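Nothing in this text is a laboratory measurement; each read-out follows from the coordinates by a stated rule. This structure is a prediction, so every number in the text was calculated from the model and none was measured. Quick reminder, even Gly has a Cβ in these numbers, built from the backbone with ideal geometry, and neighbours come from all protein chains shown.
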Amino acid sequence: MKKLSLIAAVLALFVAGVLRADDTLNLPVATQGGLVTGDIIYARDANHLGNISAVAVGQVLTSQGAGAKPAYSGTLPSALASPEKTDGTVFLPAYKACWSDSANLILVRLAANDWALGRTAAGAETYNIVCSLDLDLQRTTSGKGVKINSIDVVYHITTADLTSHTWGKVATVTYANNAANVVSAALDTPIQLNTTARANPYVQNVVIATPAYLPSAKLITINVEWQAVMQNTGVYRVYGIAVNFSRTDL
């Protein structure tokens, strides 16, 4: 009984010395160089522990590979620093993102929840159409935000063929105080738009020749423009633009 009481007393003293008020353990560690606050203990080999000294604020501990001592780095690993997601897509309906230089191309309700910008021609009519590709995730830091890879143009020609349907380009427009607006060269690979009337809409893909994170500065917009020339009684509708993009959120 005395031995049990002695063992219990020793254990109580040990716990009292090791268990801290915040419920963490205060364990002594024997090292050759000693430890300071912030050091991290690691397995130096199968039988020994070592310590990694604390470094400046903002550094991250990164793996140096199997069997190697971890090390602090001021740069996040690429998988964490810039996790590019390549499956981004958003549909920009024409009634929100597209406009014409003619008031005749108007918002049309085709059916419940089915809307477009449309026109039934009363003669030979020409429409220049522009759609804004600006997205909420755009950033001014180079290599960050949204990288447009391609777009899909959704439109419909019915009743009569178009006289012509001419693709313009995807381009940026840069604005600056007391300076002329600067329109970039085409960012896309040009396509031939269809002119044939048919029962159902067209969806045409336009590839961005060299995808890049745009804009890379403030006061830049991204537009796509094309022209439709209609015959009398022809019907033309623009449903919108699908933007297919990659993004980095960090």
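Per residue, the Cα convex hull of the range 142-250 amounts to 116 Å³. Our estimate of slack between Val90 and Thr126, defined as 0.36 nm per intervening residue step minus the Cα-Cα distance, is 10.1 nm.
Take the Cβ atoms of Thr210 and Ala180, set R0 to 25 Å, and the FRET efficiency comes out at 0.50.
Amide H contacts under 5 Å for Lys169: Glu225, restricted to partners 5 or more places along the chain or on a different chain, H placed in the peptide plane at 1.01 Å from N.
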